[in-house]
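Novice: The structure under discussion is supplied below as structure tokens; questions concerning it will follow.
The values are calculated or read from the model by the stated rules, or taken from the named source; none is laboratory data. Keep in mind the model is a prediction, meaning the values are calculated, not measured. Counting neighbours? That spans all protein chains shown, and the Cβs are built from the backbone with ideal geometry, glycine included.
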Amino acid sequence: MVLCWNGVFKIKTKLLKVHAQVPDIQKISQCAQIIQSGGLVAFPTETVYGLGANAMDQEAVAGIFRAKGRPADNPLIVHIGRAAEVKYLSAYLPAGAADLIKKFWPGPLTIVLPRHPRVPKIVSAGLDTVAVRMPQHPVALALIKTARVPIAAPSANRSGKPSPTTGNHVLKDLGGKIDAVLDAGRCDVGVESTVIDLTTDIPTVLRPGGVTLEQLREVLGEVEVDAAARTGEAPRAPGMKYAHYAPEGELVLVEGDAQRVFEHIKELYRQNNEQGYKTAVLAAEESLFRYRQELQPDILISLGARSTPEIAANKLYGALRSCDTKGAEVILCEAFPREGVGMALMNRLEKAARRRISF
Ligand code: TXA
Ligand code: MG
């Protein structure tokens, strides 16, 4: 540990590159030991990178909140390496849990369950529930199994910033604050897991994500979507109330008929450009050519075709971070259809946006 000029202690963060499918067991063991001794390790999952600590060690978990600058009332997800370990963390399994686990684990689904008293309260920010997920990424699974403890892990970004989808994103936000980063390249899904609460009468989606509402309804029948996950009302997943996923520049989200969206973004671009603001356009592949021809924007990024929200979701956080790197002051973004993973994509865009315009 080194004391820096501004009085803040910095630690040297180890960057350990591993193969995504067949990770080097020595590097995994090194990180598992860090977890066992109360340290912090960022690791890849199929959704985004997580910042992990031993979930059963209160001090270690407190370190996660400090490193991220995370508000203490925002609970963490506990990651397990084998589905059966859910019984260690949950007081009992409510109806539907076994079916969801069978169908979607390992994978991008987090299930909110009654918390077993052995799970430290700090993990759940004092709630009597606990959020549990078994990730699918081979590196995440190897780390959890080798550490032999459940791993509490929020996304490995500074609180409020877009979640990291590469090891470099993690280093940029948390370098000097955590012990190690296991870097296995880009995450597949690119947005966080779906969070579903099974402690309510009707199962309720608190955060849309990698597993879609349609998929959940196929297994459970009736499923509600928490108002905040749709509209920004007071949320029940405490984390959803904070400014989120936000790039440095002002993000303006424009939704509606494709032609009107195009015309409006063009107009906004011209206004901002005239006032000297460095302006970026994030658009669907279909309209990219027209923006390039008619505007030649400073920064123009494709989020993929409108019909493939899973590709847009995968590109989103990288695109927002790239706008930051290039110094975009204003980011004009086309909305996408809300079907499938489009619901999660639009949820993140709405939370990141400082202004929304709909036609
Ligand atoms: O894909 C993911 O879920 C990633 C990877 C690393 O697994 N993790 C992640 O964690 O996105 P985080 O902390 O950034 O988001 C967790 C969300 C927050 O909105 C939090 O409020 C909610 O889950 N949550 C956690 N525990 C909860 C609980 N007991 N009840 C309700 N919401 C909970
Ligand atoms: Mg997060």
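Novice: Can you find a residue that is away from ligand 1 (no atom under 11 Å from the Cβ), over 22 Å from the mean Cα position of the chain (by Cα) and assigned to a helix (DSSP H, G or I) anywhere in the range 101-112?
Specialist: Within the range 101-112 (the criterion being away from ligand 1 (no atom under 11 Å from the Cβ), over 22 Å from the mean Cα position of the chain (by Cα) and assigned to a helix (DSSP H, G or I)), the answer is yes, since at least one residue qualifies.
Novice: Anything in the range 256-268 that is within 16 Å of ARG354 (Cα to Cα) and buried (at least 19 other Cβ atoms within 10 Å of the Cβ)? List them, or say none. I'd like the intermediate steps shown before the answer.
Specialist: Let us first name the residues in the range 256-268 that are within 16 Å of ARG354 (Cα to Cα), namely 265, 268.
ILE265 - this is the single residue of the range 256-268 that is within 16 Å of ARG354 (Cα to Cα) and buried (at least 19 other Cβ atoms within 10 Å of the Cβ).
Novice: While we're on this one: Of GLU339, GLU310, GLU350, GLU334, which residue is among the acidic types (Asp, Glu), touching a residue at least 12 places away in the same chain (Cβ under 8 Å) and touching a strand residue (DSSP E or B) at 6+ places or on another chain (Cβ under 6 Å)? Walk me through how you get there before you give the answer.
Specialist: On the way: GLU339 fails: touching a strand residue (DSSP E or B) at 6+ places or on another chain (Cβ under 6 Å); GLU310 fails: touching a strand residue (DSSP E or B) at 6+ places or on another chain (Cβ under 6 Å); GLU350 fails: touching a strand residue (DSSP E or B) at 6+ places or on another chain (Cβ under 6 Å).
Residue meeting the stated conditions: GLU334.
Novice: What is the residue count in the range 180-234 for residues that are crowded, with 20+ Cβ neighbours inside 10 Å, away from ligand 2 (no atom under 16 Å from the Cβ) and not in a loop (DSSP other than H, G, I, E, B)?
Specialist: Going through the range 180-234, the residues crowded, with 20+ Cβ neighbours inside 10 Å turn out to be 180-184, 187, 189-198, 203-213, 216, 226, 229.
Filter again for away from ligand 2 (no atom under 16 Å from the Cβ), leaving 180-184, 196-198, 203-205, 211-213, 216, 226.
In the following step, the residues that additionally are not in a loop (DSSP other than H, G, I, E, B) were identified as 180-183, 196-197, 204-205, 213, 216.
Of the residues in that region, 10 qualify.
Novice: Please find, among PRO75, PRO71, PRO44, PRO94, the residue that is more than 16 Å from ligand 2 (Cβ to nearest atom) and surrounded by 13 or more Cβ atoms within 10 Å (Cβ to Cβ).
Specialist: Working: PRO75 fails: more than 16 Å from ligand 2 (Cβ to nearest atom); PRO71 fails: more than 16 Å from ligand 2 (Cβ to nearest atom); PRO44 fails: more than 16 Å from ligand 2 (Cβ to nearest atom).
Step by step, each of PRO75, PRO71, PRO44, PRO94 is checked, and only PRO94 is more than 16 Å from ligand 2 (Cβ to nearest atom) and surrounded by 13 or more Cβ atoms within 10 Å (Cβ to Cβ).
Novice: Output the number of the condition that PRO154 fails; it satisfies all remaining conditions of (1) within 11 Å of ligand 1 (Cβ to nearest atom); (2) crowded, with 24+ Cβ neighbours inside 10 Å.
Specialist: (2)
Novice: Consider GLU285 carefully, then state whether it is of a type in the set (Asp, Glu), touching a strand residue (DSSP E or B) at 6+ places or on another chain (Cβ under 6 Å) and closer than 17 Å to GLY190 by Cβ. Walk me through how you get there before you give the answer.
Specialist: Details: of a type in the set (Asp, Glu): yes; touching a strand residue (DSSP E or B) at 6+ places or on another chain (Cβ under 6 Å): yes; closer than 17 Å to GLY190 by Cβ: yes.
Spelling it out, GLU285 is indeed of a type in the set (Asp, Glu), touching a strand residue (DSSP E or B) at 6+ places or on another chain (Cβ under 6 Å) and closer than 17 Å to GLY190 by Cβ.
Quick grid of which residues meet (1) modelled with pLDDT of 95 or more; (2) assigned to a helix (DSSP H, G or I):
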residue: ALA42; (1), (2): yes, no
residue: THR47; (1), (2): yes, no
residue: ALA53; (1), (2): yes, no
residue: MET56; (1), (2): yes, no
residue: VAL61; (1), (2): yes, yes
residue: PHE65; (1), (2): yes, yes
residue: ALA72; (1), (2): no, no
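Novice: Could you please give the count of residues in the range 136-174 that are within 15 Å of ligand 2 (Cβ to nearest atom) and assigned to a loop (DSSP other than H, G, I, E, B)?
Specialist: Within the range 136-174, residues that are within 15 Å of ligand 2 (Cβ to nearest atom) and assigned to a loop (DSSP other than H, G, I, E, B) number 12.
Novice: Conditions: (1) surrounded by fewer than 21 Cβ atoms within 10 Å (Cβ to Cβ); (2) more than 12 Å from ligand 1 (Cβ to nearest atom). ASP128 meets all but one. Number of the miss?
Specialist: Every listed condition holds for ASP128 apart from (2).
Novice: Identify, by number, the condition in (1) in contact (Cβ under 8 Å) with a residue 60 or more places away in the chain; (2) more than 16 Å from ligand 2 (Cβ to nearest atom) that ILE64 doesn't meet.
Specialist: (2)
Novice: Considering only the range 6-21, I want to know if a residue exists there that is at pLDDT 95 or above, under 28 Å from ILE196 (Cα atoms) and touching a Cys at 6+ places or on another chain (Cβ under 6 Å).
Specialist: no
Novice: Can LEU288 be described as without any contact (Cβ under 8 Å) to a residue 60 or more places away in the chain, touching a Lys or Arg at 6+ places or on another chain (Cβ under 8 Å) and either surrounded by fewer than 19 Cβ atoms within 10 Å (Cβ to Cβ) or not aliphatic (A, V, I, L, M) (or both)? Lay out the reasoning, then the answer.
Specialist: On the way: without any contact (Cβ under 8 Å) to a residue 60 or more places away in the chain: yes; touching a Lys or Arg at 6+ places or on another chain (Cβ under 8 Å): no; either surrounded by fewer than 19 Cβ atoms within 10 Å (Cβ to Cβ) or not aliphatic (A, V, I, L, M) (or both): yes.
So LEU288 does not fit the description; no.
Novice: Which residue pairs have Cβ atoms closer than 7 Å, lie 6 or more positions apart in sequence or on different chains, and pair a first residue in the range 112-125 that is more than 22 Å from ILE196 (Cβ to Cβ) with a second residue that is outside any loop (DSSP other than H, G, I, E, B) and not polar (S, T, N, Q)?
Specialist: Sorted first by the residue in the range 112-125, then by its partner, the pairs are PRO120/VAL61; ILE122/VAL61; ILE122/ALA62.
Novice: Here's a follow-up. Consider VAL123 against the criteria (1) more than 10 Å from ligand 1 (Cβ to nearest atom); (2) more than 28 Å from SER322 (Cβ to Cβ): it satisfies all of them except one. Which criterion is unmet?
Specialist: With (1) more than 10 Å from ligand 1 (Cβ to nearest atom); (2) more than 28 Å from SER322 (Cβ to Cβ) applied to VAL123, the lone miss is (1).
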